[in-house]
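Undergrad: Before anything else, here's the structure in question.
The values are calculated or read from the model by the stated rules, or taken from the named source; none is laboratory data. Only a predicted model underlies this, so the values are computations on that prediction, with no experimental measurement involved. Methodologically, a virtual Cβ is constructed for each residue, glycine included, from the backbone with ideal geometry; neighbour enumeration extends over all protein chains shown.
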Amino acid sequence: MLPVDAPFYFFGSQNSQDKDVLLECSNIPDKQTAHNWIQAYKQTLALDWNINLITIENQQVINTIPSKATIDGVHNSLLDTYHLHQQKYNIPIKNRLKRHILLNTYRCIRTILTFCTRTNYRSQIRPTLNGIHPFFHKINSLEIIDFQQIKSFEAKYSEDINIWKTIAFYLGQTLALWKGTEIYTKDDLVKNFPAFENFIYRKNLEEKDLKYLQEIKSFFVAELRKKPFENTEIGILVLNDEKINMDLEIAI
């Protein structure tokens, strides 16, 4: 179980609807156990926080669950946004981590495809979700999606407006990362992509918003096709000096 006095840190956007928290845990268990621990912790303390567990060693985040972002992204996000919130505990990290651009790009694509598996694109997308096939199949699946034709994602546990927000954030964040810019807050995302404002702040979406999102997705796909991705082994993806395991979604 999680000790009630475990150090925790608020992070992310200062104007988020949710209270995003990183809670230190020296030994993170499997996903289901971690979920049970988090639920018990929240019930014991009557909290409505959105909690991720993290392990920190030598002033560096080395593990996180649930893994909403890569470890390097979680680490740098805490470093960049810690000061935006009132904190009880001192920040335990000092230096930035190098970002794994390939891994973050892969997660962006996989996340968007996953959101679309209950739409009319399900038959084309589902066979390409796992990581044991050539990567270009995922790019092909992403290319056929037309956001202007999606009326609902038919998700069981999330409203459409939240999914649209996440898709826009992932696309903007990944494109910015390609240019060397790290984005971890809604305000910074909108500053870099003003036309994403309605998505990011969960406002009513108009046709022009979906049109713009579709244009950005098409640009993203076109840029992906220019990059020299290599599948050197089954399930392994390489780009320049980076290598990832697509099934496990980890850098190797």
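Undergrad: May I ask you to say which residue of 88, 94, 68 is modelled with pLDDT of 95 or more and assigned to a loop (DSSP other than H, G, I, E, B)?
TA: 88
Undergrad: Would you point out which residue out of 249, 215 is surrounded by fewer than 17 Cβ atoms within 10 Å (Cβ to Cβ) and modelled with pLDDT under 95?
TA: 249
Undergrad: Looking only at residues in the range 1-20 that are hydrophobic (A, V, I, L, M, F, W, C) and in a loop (DSSP other than H, G, I, E, B), which one is farthest from residue 88 (Cα to Cα)?
TA: Among them, the one singled out is 1.
Undergrad: Exactly one condition in (1) in contact (Cβ under 8 Å) with a residue 24 or more places away in the chain; (2) not in a loop (DSSP other than H, G, I, E, B) is not met by residue 124; state its number.
TA: Of (1) in contact (Cβ under 8 Å) with a residue 24 or more places away in the chain; (2) not in a loop (DSSP other than H, G, I, E, B), only one is false for residue 124: (1).
Undergrad: Shifting gears a bit: Restricting attention to the range 132-157, and to residues there that are among the charged types (D, E, K, R) and part of a loop (DSSP other than H, G, I, E, B), which single residue is nearest to residue 99 (Cα to Cα)? Please lay out each step first, then the result.
TA: Restricting attention to the range 132-157, the residues satisfying the condition of being among the charged types (D, E, K, R) are 138, 143, 146, 151, 154, 156.
From what's left, part of a loop (DSSP other than H, G, I, E, B): 146, 151, 154, 156.
Working: 146: 30, 151: 35, 154: 33, 156: 32 Å.
Within the range 132-157, the match that is nearest to residue 99 (Cα to Cα) is 146.
Undergrad: Right, another one. Report yes if residue 132 is modelled with pLDDT under 95 and either over 20 Å from the mean Cα position of the chain (by Cα) or crowded, with 16+ Cβ neighbours inside 10 Å (or both), otherwise no.
TA: yes
Undergrad: If you check every pair at least six apart or on different chains, which have Cβ atoms under 7 Å apart with a residue in the range 21-32 that is outside any strand (DSSP E or B) first and a residue that is surrounded by fewer than 18 Cβ atoms within 10 Å (Cβ to Cβ) and hydroxyl-bearing (Ser, Thr, Tyr) second?
TA: 25/55; 26/55; 28/55
Undergrad: Another one. What are the residues in the range 224-251 that are assigned to a strand (DSSP E or B) and out of contact with any strand residue (DSSP E or B) (no Cβ under 9 Å at 6 or more places or on another chain), if any?
TA: Correct list: 233 only.
Undergrad: Looking only at residues in the range 97-119 that are of a type in the set (S, T, N, Q) and in a helix (DSSP H, G or I), which one is surrounded by the most Cβ atoms within 10 Å (Cβ to Cβ)?
TA: Across the range 97-119, the extreme among qualifying residues is 105.
Undergrad: Yes or no: the range 29-47 includes at least one residue that is surrounded by fewer than 20 Cβ atoms within 10 Å (Cβ to Cβ), under 15 Å from the mean Cα position of the chain (by Cα) and of a type outside the set (Lys, Arg).
TA: no
Undergrad: Filter the range 170-197 for residues that are surrounded by 15 or more Cβ atoms within 10 Å (Cβ to Cβ) and outside any helix (DSSP H, G or I); which is farthest from the chain's Cα centre (by Cα)?
TA: Ranking the qualifying residues of the range 170-197, first place goes to 193.
Undergrad: Is there a residue being outside any helix (DSSP H, G or I), modelled with pLDDT under 95 and not acidic (Asp, Glu) anywhere in the range 158-165?
TA: Looking for residues that are outside any helix (DSSP H, G or I), modelled with pLDDT under 95 and not acidic (Asp, Glu), one finds at least one in the range 158-165, hence yes.
Undergrad: Scan 236, 200, 167 and give me the residue that is more than 20 Å from the chain's Cα centre (by Cα) and either more than 22 Å from residue 98 (Cα to Cα) or among the aliphatic types (A, V, I, L, M) (or both).
TA: Checking each option against the conditions leaves just 236.
Undergrad: Condition check: within 14 Å of residue 100 (Cβ to Cβ) and surrounded by 14 or more Cβ atoms within 10 Å (Cβ to Cβ). Does residue 69 satisfy that?
TA: Taking the combined requirement at face value, the residue satisfies it.
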